[in-house]
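Inspection log for the structure reproduced underneath, given as structure tokens.
The values are calculated or read from the model by the stated rules, or taken from the named source; none is laboratory data. Since the model is a prediction, treat every value here as computed from it, not as a measurement. Cβ placement follows ideal geometry from the backbone for every residue including glycine, while neighbour counts extend to all protein chains displayed.
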Amino acid sequence: MSVDRYTDSIEAVADILRERGDNYGAPYANHVTIAKMWSAVLGHDISPNQVAMCMIAVKLSRLANQDTHDDSWADIIGYGGIGRGIAAIERDVENALNKNRCGDDH
């Protein structure tokens with residue numbers, strides 16, 4: 001069986017992410033905002049990546065009731081990509097901070 005069916009799904013989700021980015025802004029900034037709001041509501045810190053993980057959990061919960069619901073599967077792919085992107089941004093920031101700390105010592 002061809003992998004096209006699977007890669008086509010991922011590419012379709014990428015198109016949705018681009019469209020949502022046009023409407024709501026960059027996923028990282030949006031998840032930072034959501035994390036701040038959830039932190040205020042819950043009374044403890046929530047990270048942007050935890051927002052993505054929780055949204056995946058919501059979609060998994062929905063799939064537990066209807067495991068053929070296409071939108072939930074697409075949303076999981078999307079939130080997984082967003083989580084991966086957030087992790088990459090946060091690694092880049094941490095690496096830059098560490099580089100600057102090492103530079104301050106000399």
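Does residue 22 qualify as being at pLDDT below 95 and either under 25 Å from residue 88 (Cα atoms) or surrounded by 15 or more Cβ atoms within 10 Å (Cβ to Cβ) (or both)? Answer is yes for this residue.
So, in the range 37-46, exactly how many residues are surrounded by 14 or more Cβ atoms within 10 Å (Cβ to Cβ) and out of contact with any helix residue (DSSP H, G or I) (no Cβ under 6 Å at 6 or more places or on another chain)?
Number satisfying all stated conditions: 2.
Would you mind stating whether residue 81 is surrounded by 12 or more Cβ atoms within 10 Å (Cβ to Cβ) and touching a Pro at 6+ places or on another chain (Cβ under 7 Å)? Answer is no for this residue.
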